[in-house]
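Worksheet: one structure, shown below.
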Amino acid sequence: MALRLTLASVLALFVALSSTLLAQWPSHPTPGVPRAADGKPILDAPTPRTADGKVDFSGIWLRAGGGGGGRGRQGGAPPAPTTTPDGIPLSTFGEVAGRGFALPLQPWAADLKKRRMADNNKDNPDVWCLPIGLMQYHNHPQPRQIVQTKNLMLITYESNYGLRYIYMDGRPAPTNDPTPWWFGYSRGWFEGDTLVVETTNFRGDERAGWLDVNGSPYTDALKMTERFRRPNFGTLEIDITIDDAKAYTKPFTVRVNQRIMVDQEMIEFICNENEQSSKHLEPPKKS
């Protein structure tokens, strides 16, 4: 039987190499960062804004804990919280709603997730250097960079060199039976200081439809609504509502917390470059 690698083993290798990769870059201070007298960034400084007064979400962002990743007590410390103070589940890379939250899965979707986990999650698109889906991108330990303009927001994900477009020009959702996208079709608008992004037209096949490492599925019926908030300079909060009637009995909302990364740059991460893992994997099963 061919050796079955898991996504966790791939991530462990990346973490082991990450300090070496980061060391290759010269030090260059990020411009426009509020700093204390010792040069450290003031993370609770006021929220930056664009020339027209909108919240500016631009920056390089890192996943900021929460949810505990399924780990219990360590060294007598209390377990990490699994929800926000108002009860929203904290999303994790392994489980879209973190530990202890029973997803409202349709029976077929629950069976599919069990099969994926029993198969060591080997059909996760991340294993095959494909785009990994917006929730896995939100929770990935590698950073992402937001570039905000008046009519278009770009999010570049270091993981698998992903690129996402969010259209801010008021256009409606496409209705001409468009080809589905790995990243879906995203449209954004401001409601006060909250950026609301609605994404539809996802690919939802066996290769694409993974909300998390454990294989919580989504389908082409998914509508994802994200609410981005930047309460201060260093903090990004994203509440994401998953609405997919084919896979779930009701919509549910989770929270992803991010923190700013300054004085560093994104790395060009080409997953397929000298890729040696897939030869050890069995081909993905056809849906």
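In summary, VAL127 fulfils each of the numbered conditions (1) outside any strand (DSSP E or B); (2) closer than 23 Å to VAL256 by Cβ; (3) without any contact (Cβ under 8 Å) to a residue 24 or more places away in the chain; (4) β-branched (Val, Ile, Thr) with the single exception of condition (3). With respect to the stated conditions, ALA110 fails to be farther than 17 Å from ALA247 by Cβ and surrounded by fewer than 22 Cβ atoms within 10 Å (Cβ to Cβ). When the residues of the range 205-241 are filtered to those that are among the β-branched types (Val, Ile, Thr) and surrounded by fewer than 23 Cβ atoms within 10 Å (Cβ to Cβ), the one that is farthest from LEU103 (Cα to Cα) is THR235.
Which residues, counting only those in the range 171-191, are assigned to a loop (DSSP other than H, G, I, E, B) and among the basic types (Lys, Arg)? Correct list: ARG171 only. If you go through the range 255-274 and keep only what is of a type in the set (A, V, I, L, M, F, W, C) and touching a helix residue (DSSP H, G or I) at 6+ places or on another chain (Cβ under 8 Å), you end up with VAL256, ILE267, PHE269, ILE270, CYS271. Looking at ALA102 and the list (1) surrounded by fewer than 18 Cβ atoms within 10 Å (Cβ to Cβ); (2) in contact (Cβ under 8 Å) with a residue 12 or more places away in the chain, which single condition is not satisfied? Here ALA102 clears every test but (2).
Of the residues making up the range 171-204, those that are surrounded by 14 or more Cβ atoms within 10 Å (Cβ to Cβ) and within 22 Å of ASN124 (Cα to Cα) number 12. Residues in the range 10-19: is at least one assigned to a loop (DSSP other than H, G, I, E, B), modelled with pLDDT under 90 and surrounded by 10 or more Cβ atoms within 10 Å (Cβ to Cβ)? Among the residues of the range 10-19, not one is assigned to a loop (DSSP other than H, G, I, E, B), modelled with pLDDT under 90 and surrounded by 10 or more Cβ atoms within 10 Å (Cβ to Cβ), which makes the answer no.
The values are calculated or read from the model by the stated rules, or taken from the named source; none is laboratory data. Not measured: the values here are computed from a predicted model. Cβ sites come from the backbone with ideal geometry, for glycine too, and all protein chains shown count toward neighbours.
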